[in-house]
Amino acid sequence: MYVTIEIAYLSTKGIRATFFSEEMDAEKALEIANDFEKWNRAESIEFFDHRGNRWNKKELIAYTEEIVTEPHHVTVFFDAGFDLKTNQAGLGCAIYYRQNHKSYRIRKNIVVSELTSNNEAEYAALFEGIKQIEELGVHHQSVTFKGDSKVVINQLLGEWPCKDETLNQWADRIEEKLETIGIDPLYQDITRKENREAHQLATKALENVEINSHIELEKL
């Protein structure tokens, strides 16, 4: 989970001020809170998640200790390619997460033939990513989904209308699946360059090169 820190600060001369941090990982936020408490100048420290829910330090510590053994801090990159000549679509997703203080990555691609457009393929790629995290056992937490399809991201955010019935059905299917497994989605529109890994997976799928890997990442 990512949070923003709110610190009510009291200077040595009795001047009060409130400071807000940028959004950061909950574990790092707790480290910063501990540093502020050492100075003995923080009147109060609270944390806010992306939904505006307020957490105190004790509650946030309990949350981080509870989820450490489960897959968490999950980010899903998704992309798709569509071949008009063959009506085949290549779907790719790269998933990053943490568990037991270790970092992992899943790479998965498939080729499908029942889709009719690139936009539909993008929805299908996102749905494949959701299926992968469901198999991983991710549930009842926030998950970040990143893709370079402005159509998919903005329609799911409700910022763009969706008049295509097929795409509407995919959007409903995705929302129903996320609700079933208790996922609070955070959708982010990224550039093709930032989405290069998922793009390459989708391209390889169209080349009939299957990729299905699950590895532990080395610490930086």
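Note the per residue figure in Å³ for the convex hull of the C-alpha positions in the range 77-138. Don't skip to the answer; put the middle values down first.
On the way: hull volume 3.9 nm³, N = 62.
With only Cα atoms used, the range 77-138 gives 63 Å³ per residue.
Springs between alpha-carbon pairs under 10 angstrom, Gaussian network model over the chain: which of 101, 140, 73 fluctuates most?
Maximum among the listed residues: 101.
Calculate log10 I(q)/I(0) of the range 103-155 for q = 0.29, 0.32 Å⁻¹, where I(q) comes from the Debye formula with a single equal point scatterer on each Cα and nothing for solvent.
Values returned for q = 0.29, 0.32 Å⁻¹ are -1.30, -1.37.
Considering only 109, 40, 195, give the residue with the highest GNM mean-square fluctuation for the chain, with springs between Cα atoms whenever their separation is below 10 Å.
Taking springs between Cα atoms under 10 Å, the residue moving most is 40.
Relative to the Cα centre, what is the charge dipole magnitude of the chain, using +1 at the beta carbon of each Lys and Arg, -1 at the beta carbon of each Asp and Glu, and rounding to the nearest 20 debye? Let's see the in-between values first.
Numbers: 26 positive and 39 negative charges, 137 e Å.
The calculation lands at about 660 debye.
How high is the relative contact order of the range 80-220, in percent, counting Cα pairs under 8 Å that sit 6 or more residues apart? Provide the component values of the computation, followed by the final result.
On the way: 234 pairs, mean separation 53.6, N = 141.
Relative contact order here is 38 percent.
I want to verify a result. In a Gaussian network model of the chain, Cα cutoff 10 Å, which of these has the top mean-square fluctuation: 108, 28, 177?
Answer for the Gaussian network model of the chain: 28.
Projected onto the charge dipole of the range 1-124 (+1 at Lys/Arg Cβ, -1 at Asp/Glu Cβ, origin at the Cα centre), which of 50, 75, 36 gives the Cα projection farthest towards the positive end?
It is 36, whose Cα lies furthest towards the positive end.
Taking only DSSP H segments of four or more residues, each worth -39500 (n - 2.57), what value at 222 nm results for the chain once the sum is divided by all its residues, to the nearest 500 deg cm²/dmol?
Working: 6 runs with 79 residues, N = 220.
So the calculated ellipticity at 222 nm is -11500 deg cm²/dmol.
Over the chain, what per residue volume does the convex hull of the Cα atoms give, in whole Å³?
Per residue, the Cα convex hull of the chain comes to 142 Å³.
Write down the percent of antiparallel bridges among all DSSP beta bridges whose residues are both part of the range 83-220, to the nearest 5.
Among the beta bridges of the range 83-220, antiparallel pairing accounts for roughly 70 percent.
Tell me, what ³J(HN,Hα) does each residue in the range 126-141 have, in order and in whole Hz, if you take phi through Karplus 6.51 cos²θ - 1.76 cosθ + 1.60 with θ = phi - 60° and put x for Gly and Pro?
4, 5, 4, x, 5, 4, 5, 6, 5, 5, 6, x, 6, 7, 6, 7
For the range 50-64, in order, what is each residue's ³J(HN,Hα) by Karplus, 6.51 cos²θ - 1.76 cosθ + 1.60 with θ = phi - 60°, in whole Hz (x at glycine and Pro)?
5, 8, x, 6, 8, 10, 8, 5, 4, 5, 5, 4, 4, 5, 5
For the range 129-172, with only Lys/Arg (+1) and Asp/Glu (-1) charged at the beta-carbon, what is the dipole magnitude about the Cα centre, in debye rounded to 20?
Working: 4 positive and 7 negative charges, 28 e Å.
Taking the Cα centre of the range 129-172 as origin, the dipole is about 140 debye.
Taken together, the values in this text are just the output of simple stated rules run on the coordinates, not laboratory data. Computed from a predicted model, the values in this text were never measured in an experiment. With ideal geometry, Cβ positions are generated from the backbone for all residues, glycine too; neighbour counts draw on all protein chains shown.
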